[in-house]
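Working notes, structure below.
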Amino acid sequence: QVQLVESGGGSVQPGGSLRLSCVASGSIFSISVMGWYRQAPGKQRELVARISSGSSTNYADSVKCRFTISRDNAKNTVYLQMNSLKPEDTAVYYCYVYARDHYWGQGTQVTVSS
């Protein structure tokens with residue numbers, strides 16, 4: 001079992017920045033992929049970014065060049081640096097980990113509004 005605790009969400013004006021963090025605990029030795037998904041009201045959950053154990057990254061086209069995912073294996077933490085935020089980035093952001101099974105965080109709200 002893996003437990004995930006997210007932090008860093010909040011409200012920001014368009015063009016602003018936020019940094020999300022997600023700390024994993026439990027069976028962390030088996031973690032391979034870490035990532036972030038988001039779900040806006042009335043929409044399906046979608047991939048934002050993910051990073052492999054070898055630090056290969058994938059991003060949704062909508063966030064490329066604005067968001068950066070990184071991980072600190074020593075701290076069992078994955079980060080999402082979000083810059084140049086847009087109103088359409090408003091969503092609940094979920095941390096995701098694959099460790100022989102799929103694990104999700106509880107979600108953190110990100111609101112981009114003037």
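The values are calculated or read from the model by the stated rules, or taken from the named source; none is laboratory data. This one's a predicted model, so the numbers in the text were calculated from it and none came from an experiment. Note that we place each Cβ from the backbone using ideal geometry, even for glycine, and neighbour counts take in every protein chain shown. Heads up: the accessible areas ignore ligands, DNA and RNA and are worked out on the full protein's heavy atoms, side chains in. Shrake-Rupley method; radii C 1.70, N 1.55, O 1.52, S 1.80 Å.
Here is a check on your reading of the model: is G54 exposed (fewer than 15 other Cβ atoms within 10 Å of the Cβ) and touching a Ser or Thr at 6+ places or on another chain (Cβ under 7 Å)? Considered against the rule, which asks whether it is exposed (fewer than 15 other Cβ atoms within 10 Å of the Cβ) and touching a Ser or Thr at 6+ places or on another chain (Cβ under 7 Å), G54 comes out as no.
Could you say whether any residue in the range 68-90 is open to solvent by 40 Å² or more (accessible area, probe 1.4 Å), charged (D, E, K, R), under 14 Å from the mean Cα position of the chain (by Cα) and closer than 16 Å to T111 by Cα?
No, there is no match, as no residue in the range 68-90 is open to solvent by 40 Å² or more (accessible area, probe 1.4 Å), charged (D, E, K, R), under 14 Å from the mean Cα position of the chain (by Cα) and closer than 16 Å to T111 by Cα.
Screening D101, D61 for residues that are open to solvent by 10 Å² or more (accessible area, probe 1.4 Å), modelled with pLDDT of 95 or more and either in contact with a Pro (Cβ under 9 Å, 6 or more places away or on another chain) or not aromatic (F, W, Y) (or both) leaves exactly one candidate, D61.
I need the full set of residues from the range 74-114 which are in a strand (DSSP E or B) and not hydrophobic (A, V, I, L, M, F, W, C), in order please. Hits for the range 74-114 are T77, Y79, Q81, Y93, Y94, Y96, Y98, H102, Y103, T108, Q109, T111.
Here Y103, Y98 are screened, and the one residue that is more than 16 Å from E46 (Cβ to Cβ), in contact (Cβ under 8 Å) with a residue 40 or more places away in the chain and out of contact with any Leu (no Cβ under 8 Å at 6 or more places or on another chain) is Y98.
The residues listed here are R50, R71; of these, the one that is touching a residue at least 24 places away in the same chain (Cβ under 8 Å), part of a strand (DSSP E or B) and under 30 Å from S114 (Cα atoms) is R50. For P14, the conditions (1) free of Cβ contacts under 8 Å to residues at least 24 places away in the same chain; (2) within 30 Å of S114 (Cα to Cα); (3) in a loop (DSSP other than H, G, I, E, B) are fulfilled apart from (1).
Going through the range 21-47 one residue at a time, which ones are over 21 Å from S114 (Cβ atoms), in a strand (DSSP E or B) and either open to solvent by less than 30 Å² (accessible area, probe 1.4 Å) or aliphatic (A, V, I, L, M) (or both)? Spell out the reasoning first.
If we filter the range 21-47 for residues that are over 21 Å from S114 (Cβ atoms), which is where we start, we get 21-37, 39, 42-47.
From what is left, the residues that are in a strand (DSSP E or B) are 21-26, 34-37, 39, 46-47.
Once the filter is applied, which keeps residues that are over 21 Å from S114 (Cβ atoms), in a strand (DSSP E or B) and either open to solvent by less than 30 Å² (accessible area, probe 1.4 Å) or aliphatic (A, V, I, L, M) (or both), the range 21-47 yields S21, C22, V23, A24, M34, G35, W36, L47.
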